[in-house]
1. Let me test this: with uniform point scatterers at the alpha carbons of the chain, what is the Debye-based log₁₀ I(q)/I(0) at q = 0.23 1/Å?
2. Taking a probe of 1.4 Å, how large is the accessible area per residue of the chain, in Å²?
3. With each label point set 7 Å from Cα along the Cα-Cβ vector, what nm distance links Phe32 and His81?
4. Quick one: 3J(HN,Hα) in Hz for the range 5-18, Karplus 6.51/-1.76/1.60 with θ = phi - 60°, rounded, Gly and Pro as x.
5. Hey, how many Å between the Cα centroid of the range 1-44 and the Cα centroid of the range 52-116?
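The values are calculated or read from the model by the stated rules, or taken from the named source; none is laboratory data. Predicted, not measured: the structure shown is a model, and the values here were computed from it. Cβ placement follows ideal geometry from the backbone for every residue including glycine, while neighbour counts extend to all protein chains displayed. Calculation scope for accessible area: heavy atoms of the full protein, side chains included, ligands and nucleic acids excluded. Shrake-Rupley method; radii C 1.70, N 1.55, O 1.52, S 1.80 Å.
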Amino acid sequence: QVLLAESGGGLVQAGGSLTLSCVASGTMNTIFSFGWHRQVPGAQREALATITRTETTSYSDSVRGRFTISRDVAKNTVYLHMNSLKPDDTGVYYCNARNFINRDFWGRGTQVTVSS
């Protein structure tokens, strides 16, 4: 079992920056990757960024070049550094952990609102 707790959401103006944090606890040695996802009302949850145990990262086209995912292994924390934010980035951001048998764990989410 893995528990995830996001923080760092809030209100920011377009063009601004924000960093989200996700603190993980539990059976960490079973986790293959961490990721950040975004959900807006009426739409499917969108995968934004992923980081694996070997530090390989991947990004969706919508955030590549603006967002950076990183992790601090000692703190069991995964970050999403968001720059050049746009109103379309508004949504609830969820932290995800996936284990070696493709089971997903989710946090409760943190709201990000980007004003124009």
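1. Here log10 of I(q) over I(0) equals -1.35.
2. Details: 6240 Å² over 116 residues.
Spelled out: the 1.4 Å probe surface of the chain, per residue, equals 54 Å².
3. With each label placed 7 Å out from Cα toward Cβ, I get 2.8 nm.
4. Couplings: 9, 8, 7, x, x, x, 9, 9, 7, 4, x, x, 10, 7 Hz.
5. 5
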